[in-house]
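Just below is one structure, and these are the notes that go with it.
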Amino acid sequence: MSDREIERKFLVKGDFLPYTSQSFKITQGYLSTDPNKTVRIRIKNEVAFLTVKGKSDAAGLSRFEWEKEIDLAAAQKLLLLCEAAIIIKTRHIIPTENGLFFEVDVFEENNLGLVVAELELPETDTKFEKPDWLGEEVTGKPEYYNANLIANPYVNWE
């Protein structure tokens, strides 16, 4: 795995479900939401991960990321230590050209109504086709970072 995450983030404005190849539930919490270094516990189906992310670059496009699979029981215990609320979402995978794929997250609970698509890229200048269901780009907007949705959930935005 690369130690650099390069991704673009968009709101979703249309029906993406017909293009979905797989879907799964994600539960995640943060041991640290410090913008310079977030530490996340994630359970995806029955597989758990510990992830550390660094501060985003000026464009919000790239940042350091380190992830390791951890024991499921340990992750469930660590979720109890996490800051504030836990994020629950369903992730839909949508393949696109060049082996790339969109990850569309449909949030639940305090973030209900928020639907965000992310596309991880091999390089910052990688070109890709934007499907019709893709809306406004929100790359680099901190309010859309999962770690920030803990302190300021989507239901509070209006």
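Only the coordinates and a few stated rules stand behind these numbers; no lab work does. This is a predicted model, so every value here is computed, not measured. No Cβ is skipped: glycine too gets one built from the backbone with ideal geometry, and neighbour counts run over all protein chains shown.
Evaluated with a Cβ-only charge set (Lys, Arg +1; Asp, Glu -1), the chain carries a dipole of roughly 360 debye about its Cα centre, given to the nearest 20. Per-residue 3J(HN,Hα) values for region 56-65, derived from phi via the Karplus relation 6.51 cos²θ - 1.76 cosθ + 1.60 with θ = phi - 60°, read 5, 5, 4, 7, x, 9, 9, 6, 5, 9 Hz in sequence order (x marks Gly and Pro). The mean sequence separation of alpha-carbon pairs under 8 Å and at least six residues apart, normalised by the residue count of region 4-156, gives a relative contact order of 32 percent.
Dividing the alpha-carbon Rg of the chain by 2.2 N^0.38 Å yields what? Can you show the working numbers first?
Details: Rg = 15.1 Å, N = 158, 2.2 N^0.38 = 15.1 Å.
Its radius of gyration relative to the 2.2 N^0.38 Å reference: 1.00.
Computed on region 72-158, the Cα convex hull volume stands at 137 Å³ per residue. Restriction of the GluC sites (Glu not before Pro) in region 106-153 to DSSP coil positions whose beta-carbon has at most 10 other beta-carbons within 10 angstrom yields E123, E129.
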